[in-house]
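Trainee: Before I ask anything, here is the structure I am working with.
The values are calculated or read from the model by the stated rules, or taken from the named source; none is laboratory data. Computed from a prediction, not measured in an experiment: that's the story for all the values here. No Cβ is skipped: glycine too gets one built from the backbone with ideal geometry, and neighbour counts run over all protein chains shown.
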Amino acid sequence: MAAAPLAYKCMAVAYMRVIFSSHASARRDQHELHRDLKNVPPPGNRPIVRLLNFARDADSAMEASRKSRIAFTSANRRVEDERFKEGITSVKRALDFSFLDVEGLLWLVRLALEAISR
């Protein structure tokens, strides 16, 4: 049960990395779209498609983040035994970690998985 929030966190991080890497092109597309919409919208408007994809990825990241918090809250309620406190603390540390440092996050996820499996 405590591994579910870690899985959702990894999903959120993957989407956030996609968003982070495509942010510059999304801003460029936004400016191009505004410019193009002042005239006649071009057929097969690629900026619109890219912006919609960007919005979809952002929505997916937020949904995965929300699910990780819900799963954590559920797992945290079930912890009554002191020996599970270390595992929950490790999971919380991984959930609170930044998506920018993927290696650091993976290290914390591994530690959390080890702690909850003891």
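Trainee: Criterion first (over 13 Å from CYS10 (Cα atoms) and either surrounded by 13 or more Cβ atoms within 10 Å (Cβ to Cβ) or not basic (Lys, Arg) (or both)) does LEU111 satisfy it? It would help to see each step written out before you state the result.
Mentor: On the way: over 13 Å from CYS10 (Cα atoms): yes; either surrounded by 13 or more Cβ atoms within 10 Å (Cβ to Cβ) or not basic (Lys, Arg) (or both): yes.
Yes; evaluated as a whole, the condition is true for this residue.
Trainee: One residue is enough: does region 3-10 have a residue meeting the conditions surrounded by 12 or more Cβ atoms within 10 Å (Cβ to Cβ), among the basic types (Lys, Arg) and at pLDDT below 80?
Mentor: No: region 3-10 contains no residue that is surrounded by 12 or more Cβ atoms within 10 Å (Cβ to Cβ), among the basic types (Lys, Arg) and at pLDDT below 80.
Trainee: If you don't mind, another one. Here is a check on your reading of the model: is LEU95 within 16 Å of TYR8 (Cα to Cα), surrounded by fewer than 16 Cβ atoms within 10 Å (Cβ to Cβ) and at pLDDT 90 or above?
Mentor: When the stated conditions are applied, LEU95 does not pass them.
Trainee: Which residues, taken from region 59-75, are within 17 Å of ALA3 (Cβ to Cβ) and surrounded by 16 or more Cβ atoms within 10 Å (Cβ to Cβ)? Can you show your working first?
Mentor: Filtering region 59-75 for residues within 17 Å of ALA3 (Cβ to Cβ) gives 64-65, 67-75.
ALA64, SER65, LYS67, SER68, ALA71, PHE72, ALA75 - these are the residues of region 59-75 that are within 17 Å of ALA3 (Cβ to Cβ) and surrounded by 16 or more Cβ atoms within 10 Å (Cβ to Cβ).
Trainee: Evaluate the following for LEU108: is it assigned to a helix (DSSP H, G or I) and either hydrophobic (A, V, I, L, M, F, W, C) or touching a helix residue (DSSP H, G or I) at 6+ places or on another chain (Cβ under 6 Å) (or both)? So that I can check it myself, show each step before the final result.
Mentor: Values: assigned to a helix (DSSP H, G or I): yes; either hydrophobic (A, V, I, L, M, F, W, C) or touching a helix residue (DSSP H, G or I) at 6+ places or on another chain (Cβ under 6 Å) (or both): yes.
Yes.
Trainee: Is one or more of the residues making up region 31-54 modelled with pLDDT under 90, touching a helix residue (DSSP H, G or I) at 6+ places or on another chain (Cβ under 7 Å) and under 27 Å from PRO5 (Cβ atoms)?
Mentor: Yes, region 31-54 contains at least one residue that is modelled with pLDDT under 90, touching a helix residue (DSSP H, G or I) at 6+ places or on another chain (Cβ under 7 Å) and under 27 Å from PRO5 (Cβ atoms).
Trainee: Consider only pairs whose beta carbons are under 6 Å apart and that are at least six residues apart or on different chains; among these, list those whose first residue lies in region 55-74 and is under 26 Å from SER25 (Cβ atoms) and whose second residue is of a type in the set (Ser, Thr, Tyr) and part of a helix (DSSP H, G or I).
Mentor: ASP57/TYR15; SER60/TYR15; ALA61/TYR15; ALA64/TYR8
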